[in-house]
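Just so you know, all these numbers are worked out from the coordinates, no wet-lab data involved. Treat the numbers as computed from the prediction; the structure is a model and nothing was measured. Here the Cβ positions follow ideal geometry from the backbone for every residue, glycine too, while neighbour counts run over all protein chains shown.
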Amino acid sequence: MATVLYMSVSVDGYISTPDDFLGGDDGNRLHEWYAPGGDPDGLTGEAKALAGELDEIGAVVTGRRTAELMDHWGGDVHNGVPIFIPSHRPPGPAARWGYPNVHYIIDGGVARAMEQARAAAGDRDVYVQGGYTAQVALEEGVLDEIQVHLIPVLLGGGHRLFDLLPSEVELEIVKVIDTTHATHIRYRVLR
């Protein structure tokens, strides 16, 4: 079991535009690799297996901003696994009353959210998302792997994936899958 950041990123390092879109005319350019040509069955080979990993996760840790932008996925993301959101303030009404699978972690930050997600996930991986959450997880030593989907586009501005790292972080390349839609690179975080 590992904690794994999964993020689509432009070649110039952005995970969204300044207005929180994911690029392209439809605002979803960074995730087109997941359904090439709009066809969710368009993935083949190793890229299909990689996308299938998300169906095997046991819990999600995500930043509050990401969760709220996605309306907490209606409380059901990746086959209904629990969603843990580290935050400094209580959740809004929708998350508090409408989504029993959504858990705001007010005390203990990202490390505490990861601890609870690992317990909930059992022997399955914890899916981590969000730039700020990933940066804090790296700083606190609770992120095991990084899965980057490098999209062949330059967004030219927006929110960077790794903007505020406290120090250099060494990574080991575990796997590279190259497709016409993205280059998927898996790294292990070295400690």
>> Given R₀ = 22 Å, what would the calculated FRET efficiency be for residue 88 paired with residue 162, taking r from the Cβ atoms and rounding to 0.05?
In response: 0.55
>> Testing the spin-label approximation: label points 7 Å from Cα along Cα→Cβ at residue 11 and residue 183. State their distance in nm.
In response: 0.9 nm
>> Just to check I understand the Karplus step: with θ = phi - 60° and J = 6.51 cos²θ - 1.76 cosθ + 1.60, what whole-Hz values come out for the range 104-114, glycine and proline as x?
In response: 7, 9, 7, 9, x, x, 5, 4, 5, 4, 5
>> Quick check on the chain: helices-only [θ] at 222 nm, where DSSP H runs of length 4 and up contribute -39,500 (n - 2.57) each and the sum goes over total residues. Nearest 500, please.
In response: -6000 deg cm²/dmol
> Taking the Cβ of residue 59 as the center, what net charge do the other residues with Cβ under 10 Å away carry, scoring Lys and Arg +1 and Asp and Glu -1?
Replying inline: +1
> Whole number please: convex hull volume per residue of the Cα set in the range 3-189, in Å³?
Replying inline: 123 Å³
> By how many nm would the segment from residue 68 to residue 1 grow when fully extended, if each residue of separation counts as 0.36 nm and the alpha-carbon distance is taken off?
Replying inline: 21.4 nm
> Taking other Cβ within 10 Å of each residue's Cβ, how do 173, 15, 57 sort, fewest first?
Replying inline: 173, 57, 15
>> How much length would be gained if the chain were fully extended between residue 140 and residue 107, taking 0.36 nm per residue of separation minus their Cα-Cα distance, in nm to one decimal?
In response: 10.4 nm
